[in-house]
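The structure appears right after this line, and notes come after that.
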Amino acid sequence: MTTRPGEVVSLPRREPPRVLVVSGPNLQLLGHREPEIYGATTLDEIHARLTEVARGDGASVVARQSNSEGELVTWVGEAARDGFHGVLINPGAYTHTSIALFDAARACGLPLVEVHLSNPDAREAFRRRSFVARAAIARVAGFGWRSYELGLLGLLAHLGRPAPRARARAKVAVLKKPR
Ligand code: DQA
């Protein structure tokens, strides 16, 4: 599009972003479950905060939790068909075990952000592997309930204006010495 200086350009109106927020096993226990690791905030409180943050950005969220791997796989796999534009997910312990969830994350074709309340990399060795991470555009971990908020803000920014792909190779200018 070419424009003249001072010309007002109206960009094509886009649908407001809809984000699916998914939490996996045992996260319904937040607030009571090992508060020294996961904090005192409940999942309902996190969902309320995300709804507020999304609204402030002209977006909306639908938040769900399940202990069932199959249900999580269905929700994520069908997220695009269900009209979502992105997925924010805390897969809980399935992070470290579920190839099915990784496949669903790839299959849905949507930008997906993985979040964790704790920092799994700083905990037991079995938490260091994430199958979901390979299908994610980003990962936020270790900020307690704020990991969800930061993850959502990042995802909404990405949906508004995707980050450019990293250049494969940086250009190196070779300066020749004048003879
Ligand atoms: C968790 C980290 C996982 O290792 C653990 O199994 C959880 C919660 C987190 O949010 O810190 O259930 O995903």
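The values are calculated or read from the model by the stated rules, or taken from the named source; none is laboratory data. These numbers come from a predicted model, not from an experiment. Here the Cβ is made from the backbone with ideal geometry for all residues, glycine too, and neighbour counts use every protein chain on show. Side chains are part of the model used for accessible areas, which takes the heavy atoms of the whole protein and leaves out ligands, DNA and RNA. Shrake-Rupley method; radii C 1.70, N 1.55, O 1.52, S 1.80 Å.
Asp82 fails exactly one of the following numbered conditions: (1) buried (at least 21 other Cβ atoms within 10 Å of the Cβ); (2) more than 16 Å from the ligand (Cβ to nearest atom). What is the number of that condition?
Of everything listed in (1) buried (at least 21 other Cβ atoms within 10 Å of the Cβ); (2) more than 16 Å from the ligand (Cβ to nearest atom), Asp82 misses just condition (1).
Taking segment 106-139 on its own, how many of its residues are within 21 Å of Glu36 (Cα to Cα), in a helix (DSSP H, G or I) and within 11 Å of the ligand (Cβ to nearest atom)? Can you show your working first?
Quick first cut of segment 106-139, residues within 21 Å of Glu36 (Cα to Cα) only: 115-128.
With in a helix (DSSP H, G or I) added as a condition, the list becomes 120-122, 125-127.
Subsequent filtering for residues that are within 11 Å of the ligand (Cβ to nearest atom) retains 120-122, 126-127.
Residues in segment 106-139 being within 21 Å of Glu36 (Cα to Cα), in a helix (DSSP H, G or I) and within 11 Å of the ligand (Cβ to nearest atom): 5 in total.
Any residue in segment 64-84 that is assigned to a strand (DSSP E or B) and in contact (Cβ under 8 Å) with a residue 24 or more places away in the chain?
There is at least one residue in segment 64-84 that is assigned to a strand (DSSP E or B) and in contact (Cβ under 8 Å) with a residue 24 or more places away in the chain.
Condition first: of a type in the set (Val, Ile, Thr) and more than 9 Å from the ligand (Cβ to nearest atom). Now tell me which residues in segment 85-105 satisfy that.
To start, the set of residues in segment 85-105 that are of a type in the set (Val, Ile, Thr) comprises 87, 89, 95, 97, 99.
Those that are of a type in the set (Val, Ile, Thr) and more than 9 Å from the ligand (Cβ to nearest atom): Val87, Ile89, Thr97, Ile99.
Taking the condition of being within 16 Å of the ligand (Cβ to nearest atom) and either touching a Phe, Trp or Tyr at 6+ places or on another chain (Cβ under 6 Å) or open to solvent by 20 Å² or more (accessible area, probe 1.4 Å) (or both), how many residues in segment 61-70 meet it?
Qualifying residue count for the region: 6.
Here is a list: Val73, Val22. Which entry is aliphatic (A, V, I, L, M) and over 17 Å from Glu149 (Cα atoms)? Can you show your working first?
Working: Val22 fails: over 17 Å from Glu149 (Cα atoms).
Result: Val73 is the single residue among Val73, Val22 that is aliphatic (A, V, I, L, M) and over 17 Å from Glu149 (Cα atoms).
Got at least one residue in segment 44-60 being open to solvent by 40 Å² or more (accessible area, probe 1.4 Å), in contact with a Phe, Trp or Tyr (Cβ under 9 Å, 6 or more places away or on another chain) and within 12 Å of the ligand (Cβ to nearest atom)? Steps first, please.
Taking segment 44-60 and keeping what is open to solvent by 40 Å² or more (accessible area, probe 1.4 Å), we get 44-45, 48-49, 51-52, 55-58, 60.
Restricting the remaining residues to those that are in contact with a Phe, Trp or Tyr (Cβ under 9 Å, 6 or more places away or on another chain) gives 45, 49.
Narrowing the set further to residues that are within 12 Å of the ligand (Cβ to nearest atom) leaves none.
There is no residue in segment 44-60 that is open to solvent by 40 Å² or more (accessible area, probe 1.4 Å), in contact with a Phe, Trp or Tyr (Cβ under 9 Å, 6 or more places away or on another chain) and within 12 Å of the ligand (Cβ to nearest atom).
Scan segment 95-105 and give yes if some residue there is surrounded by fewer than 20 Cβ atoms within 10 Å (Cβ to Cβ), out of contact with any strand residue (DSSP E or B) (no Cβ under 9 Å at 6 or more places or on another chain), outside any helix (DSSP H, G or I) and of a type in the set (D, E, K, R), otherwise no.
no
Starting from residues that are at pLDDT below 95 and among the hydrophobic types (A, V, I, L, M, F, W, C), keep the ones in segment 146-170 and report whichever is farthest from Arg18 (Cα to Cα). If you could, list the steps in order and put the result at the bottom.
Narrowing segment 146-170 to residues at pLDDT below 95: 160-170.
From what is left, the residues that are among the hydrophobic types (A, V, I, L, M, F, W, C) are 163, 166, 168, 170.
On the way: Ala163: 19, Ala166: 26, Ala168: 31, Ala170: 35 Å.
Taking the candidates together, the pick is Ala170.
Can you find a residue that is closer than 20 Å to Gly154 by Cβ, among the small types (Gly, Ala, Ser) and over 17 Å from the mean Cα position of the chain (by Cα) anywhere in segment 60-72?
No, every residue in segment 60-72 fails to be closer than 20 Å to Gly154 by Cβ, among the small types (Gly, Ala, Ser) and over 17 Å from the mean Cα position of the chain (by Cα).
Are there any pairs, at least 6 apart or on different chains, whose C-beta atoms fall under 7 Å, with the first in segment 122-149 and under 22 Å from Cys108 (Cα atoms) and open to solvent by 30 Å² or more (accessible area, probe 1.4 Å) and the second more than 10 Å from the ligand (Cβ to nearest atom) and in a helix (DSSP H, G or I), and if so, which?
Listed by first residue and then by second, the contacts come to Phe131/Ile99; Phe131/Leu101; Phe131/Phe102; Arg134/Phe102; Ile137/His158; Ala138/Gly154; Arg139/Ala133.
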